[in-house]
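Q: Dumping the structure here so I can ask a few things about it.
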Amino acid sequence: MSERAHITVLCGGPSSEREVSLVSGRSIAQALEKYFTVERVEFAQDALPAGLDPAKTVIFPALHGAFGEDGQIQALLEARGFAYAGSGPTASALCMDKAATKAKVADCGFTEAPAWIFSHDRIPDPAALMERLGAHLVIKPVAEGSSVGLHLCANRMELDQALAALTPGLWMAETFIKGREMTVGILDGEAMGIVEIVPKGGLYDYAHKYTAGATEYRFPAEVPEELAAQIRTYAERAFAACGCRDFGRVDFILTPDGLPYFLEINTIPGLTPTSLLPKSASCCGLDFETLARRMIEPALRRGKKTQLT
């Protein structure tokens, strides 16, 4: 019987999504313990925790937001010679930038909403924004998690309020696309089941995402199979175009006439049993423990580690 591989789950980190990362870290570590020897390391600084040895462990970065998903920790891990789960530094940095990601996946099949990118200290004239993008807009940070800092603006007053509340950084204004919000998980480059997200109150923002009972999830989503297959193909193309690997999640809006609009790619999505990626995986018959094993296996192969089968 071969030796059980050693996995280190990193969680916490210095970003605004630290608390969510801690929950993800505990959940994924518990799932991986079925197959491997697992150590969970919580940290708060923007540096690798001390005491890790690339010859003895493979890293699972259960980190969300800045430092975790933007390529920084991936670059540090590579510089130290660690094998780790998930996308590399370049793909991670790209997918953290919503504007750059949209440009990269423009030819992958999805439709994209018109957008305007601007800095908090050079905010466009609201009238010009509405003239270019329409009266119904979504304002969101270019480089934050998928539900952080969202503003839905249905009129000029709401747009003025949203623009006045912007924090430092780059922002994106997009034409609001009316439709069903959906996501599809990717595992080893292949799309899994489509999950429909139905927030009670309209906008799937941070509060709806992490408040129990605030959102309904339908999986697999009720989508005609021919269209579902097309969407899965688009998602796989987008994932590959951005250079992603191992796992991820592609978010989109499906309009009433069946047109999928690309939103973004999450390279380290939520990793609890009730998160969206596990819901997508469950459509393919994968329970959370099996999904967790499949997510770390490519890193084990890259690190030439052994494992129990």
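Bear in mind these aren't lab numbers, they're just calculated from the coordinates by the rules spelled out. Keep in mind the model is a prediction, meaning the values are calculated, not measured. Here the Cβ is made from the backbone with ideal geometry for all residues, glycine too, and neighbour counts use every protein chain on show.
Q: Have a look at the DSSP beta bridges in the chain and tell me what percent are antiparallel, nearest 5.
A: Of the beta bridges lying entirely in the chain, close to 75 percent run antiparallel.
Q: Let me ask you something else. Compute the distance from the alpha-carbon center of segment 224-267 to that of segment 57-71, in whole Å.
A: Segment 224-267 and segment 57-71 have Cα centres spaced 22 Å from each other.
Q: Please pull out the direction-averaged projected area of segment 115-175, using the convex hull of its alpha-carbon atoms, in nm² to one decimal place.
A: Mean projected area for segment 115-175: 3.5 nm², to one decimal.
Q: Taking θ = phi - 60°, what integer Hz values does the Karplus form 6.51 cos²θ - 1.76 cosθ + 1.60 yield along segment 46-60, in sequence order, with x for Gly and Pro?
A: Per residue, the Karplus-derived 3J(HN,Hα) values read 8, 7, 5, x, 6, x, 8, 10, x, 7, 10, 8, 10, 9, 10 Hz.
Q: Could you give the DSSP H helices of the chain that reach 18 angstrom or more along their long axis (alpha carbon positions) and whose average Kyte-Doolittle hydropathy is no lower than -0.5? Display every interim value, and only then the final one.
A: On the way: long enough: 18-32 (21 Å, 0.35); 225-241 (24 Å, -0.18); 288-302 (23 Å, -0.46).
The qualifying helices are 18-32, 225-241, 288-302.
Q: Another question about this same structure. How big is D, in µm² s⁻¹, for the chain by Stokes-Einstein at 20 °C and 1.002 mPa s if Rh is the Kirkwood radius over C-alpha pairs?
A: 108 µm²/s
Q: Something else now. Using R₀ = 45 Å, calculate the FRET efficiency as 1/(1 + (r/R₀)^6) where r is the Cβ-Cβ separation of K34 and T111; round to 0.05.
A: Details: r = 41 Å, r/R0 = 0.91.
Computed FRET efficiency for K34 and T111 comes out at 0.65.
Q: Quick check on the exposure proxy: order S27, S87 from fewest to most C-beta atoms within 10 angstrom. Each step should come with its number before you reach the end.
A: Values: S27 22, S87 25.
Ascending number of Cβ neighbours within 10 Å: S27, S87.
Q: At 222 nm, what helix-only mean residue ellipticity would the chain give, in deg cm²/dmol to the nearest 500, using -39500 (n - 2.57) for each DSSP H run of four or more? Can you show the working numbers first?
A: Details: 10 runs with 99 residues, N = 309.
About -9500 deg cm²/dmol.
Q: Convert each backbone phi in segment 250-261 into a coupling constant with the Karplus relation 6.51 cos²θ - 1.76 cosθ + 1.60 (shift: θ = phi - 60°), then list the ³J(HN,Hα) values in order as whole Hz, x for Gly and Pro.
A: Once θ is set to phi - 60°, the couplings for segment 250-261 become 10, 9, 7, 10, 10, 6, x, 8, x, 9, x, 9 Hz.
Q: Okay, moving on. Got a sec? How would T272, T233, T8 order by Cβ neighbour count within 10 Å, fewest to most?
A: Arranged by neighbour count, lowest to highest, T272, T233, T8 become T233, T272, T8.
Q: Within a 10 angstrom radius of the beta carbon, how do M130, M192, M295 rank from fewest other beta carbons to most?
A: The most exposed by this proxy come first: M130, M295, M192.
Q: Then there is this: Show the residues, 5+ positions off or on another chain, whose built amide H is closer than 5 Å to the amide H of V9.
A: Residues meeting the criterion, in which the H sits 1.01 Å from N, are E39, R40, V41, F60.
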